[in-house]
Structure formats: C-alpha cells, structure tokens
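Asker: Below is one structure. I have some questions about it.
The values are calculated or read from the model by the stated rules, or taken from the named source; none is laboratory data. Since this is a predicted model, take the numbers as computed values, not measurements. With ideal geometry, Cβ positions are generated from the backbone for all residues, glycine too; neighbour counts draw on all protein chains shown.
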Ligand code: SF4
C-alpha cells in the first residue's frame with residue numbers, strides 16, 4: 001500500500017505496517033504541548049482520569065506565552081495552575097518567563113521536535129513543525145489531557161494534497177507570501193481534514209524559517225497538518241539544534257494524492273490578506289494605499305530572526321510614519337538576544353518602534369497592542385478574523401515582515417518595493 | 001409528536017474567535033464562557049438562547065484556534081446539538097471529546113432557517129424540521145468515535161483503558177512496543 005509522508009509517520013507510530021486515508025488509529029506521541037490558555041483546561045481533565053503521573057515527564061512541553069508575562073489577575077491564575085502542575089509532575093520542558101518564547105518558535109529552536117516525530121499540541125498552530133518533516137497537529141485540551149496520561153492520541157488518517165514547488169521566490173516575496181497565495185487560491189477550507197505535503201525542486205531555496213511560516217499557516221487552509229519533504233537543509237538544521245537520533249520518512253512515489261498543485265515560486269508577489277479571512281488576499285501593490293494605525297511584527301508565524309532582519313532592513317534609517325504604532329515582538333529569548341547582538345533592536349527603536357519581550361500578546365487580542373473600534377493593523381500574524389486583535393470593529397491585514405515594516409514607514413498599505421529594493425535572495429539567512 | 005427546538009442559523013466559516021473571543025480566554029469557567037458565546041457574530045445569542053436549542057451553520061464551523069473553550073461555551077449555553085455542512089477538524093474532535101453532539105449534514109444546513117423548530121434523533125442520525133415538515137439524514141459517527149461518545153467522552157474512555165491490564169487491552173489498534181521515530185534523551 002503506497003503511502004504519503006504523513007501516512008508513513010502515522011503508521012509507524014501506530015505500530016502498523018500501513019494505513020490508508022479515512023482509517024481511525026491510535027498512535028504514540030513523541031511530544032505533547034500545551035500553553036497557558038489550553039493547559040489549565042487539560043490539567044483539570046487530566047486529574048479526572050485518575051492516574052497519578054504523566055506518561056513521560058520528558059515528553060511534555062508547557063509554555064506560558066499567550067497572556068504571559070501575566071496580563072492580569074485571571075491570566076496570572078491560569079499560568080499558576082500550569083506552573084504548579086509542571087513542578088508537581090517534574091515536567092522537564094516547562095519554560096518560565098525569561099526563558100520562554102512563543103511555543104511554536106521555541107520548541108524547534110530548543111531541539112524538541114525533529115524529523116519523523118509525532119507531536120500533538122493543544123494549540124492549532126502546532127502544525128508549524130511540519131516544516132522539519134514531523135507530523136504535528138493541533139488538538140484540544142481534552143486530547144492533550146488524554147495524551148499526557150496515555151502517551152497516545154486518536155487520529156483519522158488524512159488524505160493529502162501535494163504542492164510541487166518550482167523555481168525561486170524573487171524580490172520581496174517570502175514564505176509568508178507563498179502560503180498567503182496558496183490559501184487565497186484554495187480557500188480557508190481548501191485543505192479541510194487533509195495534509196498539505198510540500199515537495200519539489202523549489203524547496204531547496206526555501207529557508208527553514210520560511211518553511212516554518214508556511215507550515216504554520218496550514219491550519220488556515222483547514223489542514224490537519226502541513227509537512228515538508230526532508231532535505232539537506234532540514235538535516236543541517238536538525239544537527240544544529242539537537243544530537244538526538246531521528247528518522248526520515250519520504251512519500252512513496254506512487255502515493256495517492258487527492259490533488260496536486262504546482263506552484264511557480266517566481267510568480268509570487270508580496271501579498272496582503274484583507275479582513276476578515278486569511279484567504280482574502282491580493283497583491284500588496286493593489287491595496288490602494290489603505291491607511292493604517294498599527295503594525296505588529298512577531299508571532300509564531302513571523303517572529304524569528306530572519307523576519308526581524310527583514311523588518312530592520314526596511315526600517316533602517318527610516319521612521320515609523322506619524323500616527324502609526326509599530327510593535328516588534330521577537331518570538332523567543334534567543335531571537336531577542338540575537339536581534340540585540342545584530343543591532344536590530346537599536347534599528348527598531350531608532351525608527352520609533354516599540355520592542356517587547358516574547359509573547360503572543362496582540363496576535364490573539366490578548367494584550368500589548370489591542371485595537372480600538374475602527375482601527376486598522378497590518379500584522380505578520382496568521383489570523384485576521386473579526387475581533388482577532390481587539391474590538392470587533394477593528395481590522396487586521398496579514399503580511400510578511402518586510403511588507404509590514406514598509407507599511408509602518410508609509411503609514412498605509414504598500415508593496416515593500418516602494419520603500420526599498422530587496423537584497424539578493426538568501427541575504428537574511430546569513431546576514432549579520 | 002416530537003417537540004422541536006429553536007434553530008439558531010449561522011453562515012460558513014464561523015471561527016472560534018467569534019464563538020468565544022480571545023479576550024475572555026483568561027478563564028476556563030463554562031458559565032463565564034457561555035455568557036460571551038457567539039458575542040462577536042450575534043450579540044443576542046447568549047441572552048436569548050434556551051436550554052436544548054440547536055445551532056445550524058454552513059461549511060467549516062469552528063475554524064481557527066484549538067480552544068476547547070469554544071465547544072465548552074456552546075455546550076454550557078444550553079445548546080443540545082450543532083448541525084453544520086462541515087466542521088473544522090479540531091472543533092470536530094473537541095466536540096466529540098467533551099460530549100457536545102454534532103452532526104454533519106449539508107441538506108439540513110442549507111434548508112433549516114433561523115427560528116425553525118428542529119428535532120434530532122441521535123440513534124438514527126435523522127433531523128426533523130418541524131416548521132417545514134422536512135427530514136434529513138446526517139452521516140453517522142464511525143464506530144471508533146461512537147465508542148468514545150458511548151464512554152461519555154475521551155476522558156472516561158482513556159480512564160477505562162488505562163485501568164485495563166495490557167493483556168486484555170481493547171481491540172483498538174494500539175501498539176505498545178513499537179519503536180518510534182525518535183526518542184527524547
Ligand atoms: S503567536 Fe498567535 S497564533 Fe501563534 S501561538 Fe501565539 S496566539 Fe497562537
């Protein structure tokens with residue numbers, strides 16, 4: 001039975017020789033994740049199961065990032081529930097304020113997710129780790145509780161849509177623009193219940209960070225997971241974050257795909273997703289200079305070092321337009337430190353931007369940059385639903401870090417090329 | 001004569017941010033969450049919904065975040081069932097896991113109007129629109145999911161399984177001793 005990459009990982013973790021789409025399986029998990037919103041609910045459910053200990057204290061990661069550092073008394077109490085549980089259970093990968101970051105940037109950086117592994121997280125953007133060739137998917141708090149107790153989770157084996165990438169991204173086009181284009185094409189339920197597998201000659205030129213951005217937004221097309229074929233870049237990345245043994249899986253050449261979509265990377269342009277769906281995209285150049293009030297650069301989608309380098313490149317020697325608030329949030333402490341070392345933080349502050357400690361903050365309308373009625377923000381985040389960043393009458397426009405920074409300078413939505421020409425491809429991967 | 005329940009009708013792509021806005025996620029108390037249920041799409045819902053009412057929606061209901069607060073809020077608001085043309089994946093599993101009945105039925109989702117009186121037979125998956133005299137059939141749950149629902153949700157299901165000695169493990173295809181893709185050391 002030929003299998004897709006996702007199906008192979010699921011089969012192996014279920015102890016089966018093969019699986020097929022639609023089959024319900026129970027699989028072992030390599031890592032279980034929760035945050036300050038979802039873990040407290042999961043902990044309450046875990047306590048009902050009646051087991052004294054978690055299945056493996058080294059295979060659980062708990063990250064206070066959504067309303068942390070504690071936004072108010074209620075969120076402080078949620079964080080406390082998680083902290084006390086972590087202490088009592090001896091959870092090895094609990095990340096306290098000062099060491100934490102946004103979970104989906106933090107876990108790969110800490111070497112907690114490697115190719116071929118199976119990860120469930122009580123957060124929908126757990127699909128981010130597909131970037132490294134892992135199967136990872138978002139679940140609810142009850143699933144998290146069950147997985148913490150039993151080390152297993154139930155799955156319906158998904159069908160897959162294959163995306164064959166050709167060519168290279170050019171100019172200011174980034175991984176964010178690629179995934180926004182794809183979601184614009186297939187819609188917010190275009191990959192419902194399916195996995196999105198990314199393969200093809202175009203992969204080679206996509207940085208690991210761009211792959212994280214792409215896989216992160218698979219859920220925005222309704223997908224169960226997004227997954228990238230493992231290549232030289234993946235191996236080099238894995239070696240740089242961990243010395244653990246891992247296993248590579250590749251789709252069979254005759255695996256069945258529900259659909260194959262060929263993507264010509266050279267044709268991707270900087271995109272903007274208009275409110276109130278991530279699929280509502282158009283080229284930034286066609287956004288008619290829509291005026292804005294705020295820019296947010298950060299989140300699990302685009303808060304990594306290459307993202308900050310791109311934003312700083314645009315902001316260097318320029319200023320945030322009058323009447324615009326620009327908030328930059330490095331995704332992890334490591335990213336923050338690196339940005340300090342490289343002088344990026346200085347560039348941001350000099351341009352008139354606010355720089356925050358790592359947090360999800362405004363991405364989910366939590367804190368650190370909430371919008372008032374009628375206000376408009378360009379954000380490098382992943383969702384622009386009604387009320388996502390604050391008042392139900394506010395608006396969120398999704399874009400890449402370069403585009404968002406350009407909008408901050410212009411005070412309205414523009415293509416970054418209007419502010420400054422793009423450096424050569426790959427510049428932000430290595431440039432210090 | 002069957003007694004119907006009032007249907008509350010919503011469009012495609014109702015996301016978890018409008019079911020429970022994130023600004024209320026600093027609590028996990030069901031009653032508090034229910035007080036804000038559907039607030040950003042239908043400010044009247046929470047104050048007017050009655051015990052047993054039914055939500056009917058289009059495609060991709062519950063898309064967005066994995067917050068279980070969404071089905072919890074719906075359940076705590078008294079809603080007895082959600083009928084949609086399709087559900088977002090995580091919402092679907094969360095609803096099953098917490099014991100909120102949900103039915104996938106495109107015909108019912110298309111034809112039922114807000115305010116119609118609707119009744120549901122969970123045994124057969126049949127949906128009756130008493131206002132319009134129509135009957136629809138929803139896709140039944142697969143057996144594995146039925147087991148979870150029969151146990152009263154995922155927590156009692158897992159609790160029962162963890163109490164079962166390994167030799168007498170249930171028939172679910174769970175492999176206890178297979179090598180895995182990686183190990184954390
Ligand atoms: S940054 Fe935003 S999307 Fe990512 S985990 Fe945090 S709240 Fe969710």
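Results for (1) under 24 Å from residue A:316 (Cβ atoms); (2) surrounded by fewer than 24 Cβ atoms within 10 Å (Cβ to Cβ), shown as yes or no for each residue.
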position: A:359; (1), (2): no, no
position: A:375; (1), (2): no, yes
position: A:383; (1), (2): no, no
position: A:388; (1), (2): no, no
position: A:408; (1), (2): yes, no
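Results for (1) over 28 Å from residue A:395 (Cβ atoms); (2) more than 16 Å from the ligand (Cβ to nearest atom), shown as yes or no for each residue.
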position	(1), (2)
A:275	no, yes
A:304	no, no
A:322	no, yes
A:340	yes, yes
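Asker: Suppose we filter A:396, A:386 for residues that are within 19 Å of residue B:19 (Cβ to Cβ), within 14 Å of chain B (Cβ to nearest Cβ) and part of a strand (DSSP E or B); which single one remains?
Answerer: Testing whether each residue is within 19 Å of residue B:19 (Cβ to Cβ), within 14 Å of chain B (Cβ to nearest Cβ) and part of a strand (DSSP E or B) leaves just A:396.
Asker: When you go through A:371, A:398, A:364 one by one, which is the residue that is closer than 24 Å to residue A:179 by Cα, touching a strand residue (DSSP E or B) at 6+ places or on another chain (Cβ under 9 Å) and touching a residue at least 60 places away in the same chain (Cβ under 8 Å)?
Answerer: None of the others qualify; the one that does is A:398.
Asker: Since residue A:223 meets every condition but one in (1) outside any helix (DSSP H, G or I); (2) over 17 Å from residue A:178 (Cα atoms), which condition does it not meet?
Answerer: (2)
Asker: Now, a different point. Considering each of A:171, A:202, A:175 in turn, give the residue that is touching a helix residue (DSSP H, G or I) at 6+ places or on another chain (Cβ under 9 Å), buried (at least 22 other Cβ atoms within 10 Å of the Cβ), modelled with pLDDT of 95 or more and assigned by TED's automatic domain parsing to the domain that holds residue A:253.
Answerer: So the residue among A:171, A:202, A:175 that is touching a helix residue (DSSP H, G or I) at 6+ places or on another chain (Cβ under 9 Å), buried (at least 22 other Cβ atoms within 10 Å of the Cβ), modelled with pLDDT of 95 or more and assigned by TED's automatic domain parsing to the domain that holds residue A:253 is A:175.
Asker: Okay, next question. Going through segment B:71-94 one residue at a time, which ones are at the interface with another protein chain (Cβ under 9 Å from one of its Cβ atoms), more than 18 Å from residue B:51 (Cβ to Cβ) and not in a loop (DSSP other than H, G, I, E, B)?
Answerer: Hits for segment B:71-94 are B:87, B:89, B:90, B:91, B:92, B:93, B:94.
Asker: Only one of A:380, A:359 is within 24 Å of residue A:212 (Cα to Cα), touching a helix residue (DSSP H, G or I) at 6+ places or on another chain (Cβ under 6 Å) and within 16 Å of the ligand (Cβ to nearest atom). Can you tell me which?
Answerer: Selected residue: A:380, the only one of A:380, A:359 that is within 24 Å of residue A:212 (Cα to Cα), touching a helix residue (DSSP H, G or I) at 6+ places or on another chain (Cβ under 6 Å) and within 16 Å of the ligand (Cβ to nearest atom).
Asker: Moving on to the next point. Taking residue A:335, is it closer than 27 Å to residue A:218 by Cα, in a helix (DSSP H, G or I) and within 16 Å of the ligand (Cβ to nearest atom)?
Answerer: yes
Asker: Further question on the same structure: What's the total number of residues in segment A:58-75 that are within 11 Å of the ligand (Cβ to nearest atom) and touching a strand residue (DSSP E or B) at 6+ places or on another chain (Cβ under 6 Å)?
Answerer: 3
Asker: Now for a separate question. Residues that are over 18 Å from residue B:94 (Cβ atoms) and assigned to a helix (DSSP H, G or I): does segment B:3-10 have at least one?
Answerer: no
Asker: Among the residues of segment A:277-302 satisfying the criterion of being within 14 Å of chain B (Cβ to nearest Cβ) and more than 16 Å from the ligand (Cβ to nearest atom), which is surrounded by the most Cβ atoms within 10 Å (Cβ to Cβ)?
Answerer: Going through the qualifying residues, I end up with A:279.
Asker: Kindly state which helices (runs of 4 or more DSSP H) lie completely within segment A:1-106 and contain at least 3 residues that are within 27 Å of residue B:17 (Cβ to Cβ) and at the interface with chain B (Cβ under 9 Å from one of its Cβ atoms).
Answerer: Result: A:39-49, A:73-89.
Asker: Specify the residue that is farthest from the chain's Cα centre (by Cα); the eligible residues are those in segment B:98-154 that are in a strand (DSSP E or B) and within 14 Å of another protein chain (Cβ to nearest Cβ).
Answerer: B:104
Matching residues to (1) closer than 29 Å to residue B:128 by Cα; (2) touching a residue at least 12 places away in the same chain (Cβ under 8 Å); (3) touching a strand residue (DSSP E or B) at 6+ places or on another chain (Cβ under 9 Å):
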site: B:3; (1), (2), (3): yes, yes, yes
site: B:12; (1), (2), (3): yes, yes, yes
site: B:15; (1), (2), (3): yes, yes, yes
site: B:26; (1), (2), (3): no, no, no
site: B:34; (1), (2), (3): yes, yes, no
site: B:61; (1), (2), (3): yes, yes, yes
site: B:65; (1), (2), (3): no, yes, yes
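Asker: In addition: Take the conditions under 30 Å from residue A:20 (Cα atoms), assigned to a strand (DSSP E or B), in contact with a strand residue (DSSP E or B) (Cβ under 9 Å, 6 or more places away or on another chain) and within 16 Å of the ligand (Cβ to nearest atom) and apply them to residue A:164. Does it pass?
Answerer: In short, no.
Asker: In segment A:263-278, is there at least one residue being more than 23 Å from residue A:184 (Cβ to Cβ), in contact with a strand residue (DSSP E or B) (Cβ under 9 Å, 6 or more places away or on another chain), modelled with pLDDT of 95 or more and in a helix (DSSP H, G or I)?
Answerer: no
Quick grid of which residues meet (1) modelled with pLDDT under 95; (2) within 14 Å of another protein chain (Cβ to nearest Cβ); (3) within 16 Å of the ligand (Cβ to nearest atom):
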site: B:3; (1), (2), (3): yes, no, no
site: B:27; (1), (2), (3): yes, yes, no
site: B:35; (1), (2), (3): no, no, no
site: B:56; (1), (2), (3): no, no, no
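Asker: Looking only at segment A:116-126, which residues are more than 8 Å from every other protein chain (Cβ to nearest Cβ) and more than 11 Å from the ligand (Cβ to nearest atom)?
Answerer: Within segment A:116-126, A:119, A:120 meet the criteria.
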